[in-house]
Structures are given as structure tokens and as C-alpha cells.
Amino acid sequence: MYRLFYVLIVLSLVLLGAHFLRDANYVGVAAAVALIGLLFVKRPVAARAVQVALILGALEWVWTLYELVQVRTAMGMPATRMMIILGAVAAVTALSAGLLQTEAMKLIYGLD
């Protein structure tokens with residue numbers, strides 16, 4: 001079961017990396033890749049770093065959603081489908097951060 005947790009966490013980090021790559025933010029891309037690597041470090045600080053990054057990533061998705069809605073509304077274009085997609089991505093990213101609070105992950109990373 002916990003393997004599915006890793007799939008969602010890595011998927012969230014890959015999507016964040018792709019988001020940063022779209023803006024040519026190579027520091028963000030490198031950070032996303034480094035965070036995936038950090039999942040192999042079975043220490044509490046590693047889990048918390050990934051968790052904080054995922055929470056910030058969810059906020060980044062919400063901010064991007066807000067900005068794109070403003071642009072599309074100003075251009076008179078529909079934004080509903082984009083809102084649903086980016087809202088789902090933000091929710092999955094936030095859920096991924098929450099997965100690090102499960103009992104299985106607490107055991108793996110030695111979290112209290």
C-alpha cells in the first residue's frame with residue numbers, strides 16, 4: 001500500500017518539475033528532482049523537507065490557477081475546465097504531503 005503513496009508523491013514532484021520547466025526555472029526543476037532523491041533518505045528531516053515542499057507546491061498550483069483564471073477572464077475565454085484540472089492537481093499535491101503523515105510513512109522515516 002505504501003508504494004502507492006510513493007507513486008503519488010513522485011507524480012506530484014514530477015508535475016511540479018514540469019511546471020517549473022515550462023517557465024525555464026531550472027532551479028525549481030533541480031529542486032523537484034532532488035526532492036525525489038531525498039525520498040530515499042530514510043530520516044525524519046528528509047520526510048519533512050519533502051512534505052514542506054509539497055505543501056508549497058500545492059500553494060504554487062493554487063497561485064498559478066488564480067493567475068491563469070485572471071488572464072483567461074480578461075481575454076473572454078472559458079476557464080472552467082482549467083480550474084478543474086489545476087484544482088485537482090493542487091489537491092493531489094496537498095494529498096501527497098498528507099501521505100507522509102500516515103502510520104506506514106511514519107514508520108519508514110522514523111517520524112514521531
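The values are calculated or read from the model by the stated rules, or taken from the named source; none is laboratory data. In this text, all values refer to a predicted model and were calculated from it rather than measured experimentally. No Cβ is skipped: glycine too gets one built from the backbone with ideal geometry, and neighbour counts run over all protein chains shown. What goes into the accessible areas is simple: the full protein's heavy atoms, side chains included, and nothing from ligands, DNA or RNA. Shrake-Rupley method; radii C 1.70, N 1.55, O 1.52, S 1.80 Å.
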### Message
Go through the range 90-112 and report how many residues are open to solvent by 50 Å² or more (accessible area, probe 1.4 Å) and in a loop (DSSP other than H, G, I, E, B).
### Response
2
### Message
Which count do you get for residues in the range 41-59 that are more than 14 Å from GLN101 (Cβ to Cβ), open to solvent by 60 Å² or more (accessible area, probe 1.4 Å) and part of a helix (DSSP H, G or I)?
### Response
3
### Message
Yes or no: the range 43-53 includes at least one residue that is aliphatic (A, V, I, L, M) and within 17 Å of ALA91 (Cβ to Cβ).
### Response
yes
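So, VAL33, is that one closer than 18 Å to LEU100 by Cβ, open to solvent by 80 Å² or more (accessible area, probe 1.4 Å) and either within 18 Å of the chain's Cα centre (by Cα) or free of Cβ contacts under 8 Å to residues at least 60 places away in the same chain (or both) or not? Reasoning before the result, please.
Values: closer than 18 Å to LEU100 by Cβ: no; open to solvent by 80 Å² or more (accessible area, probe 1.4 Å): yes; either within 18 Å of the chain's Cα centre (by Cα) or free of Cβ contacts under 8 Å to residues at least 60 places away in the same chain (or both): yes.
Taking the combined requirement at face value, the residue does not satisfy it.
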### Task
Go through the residues of the range 11-30 one by one and say whether even a single one is of a type outside the set (D, E, K, R) and in a loop (DSSP other than H, G, I, E, B).
yes
#### Entry: Every pair of residues 6+ apart whose Cβ atoms lie under 7 Å, when the first sits in the range 63-83 and is closer than 21 Å to PHE20 by Cβ while the second is open to solvent by 80 Å² or more (accessible area, probe 1.4 Å) and assigned to a helix (DSSP H, G or I)
LEU65/MET83; VAL69/MET83
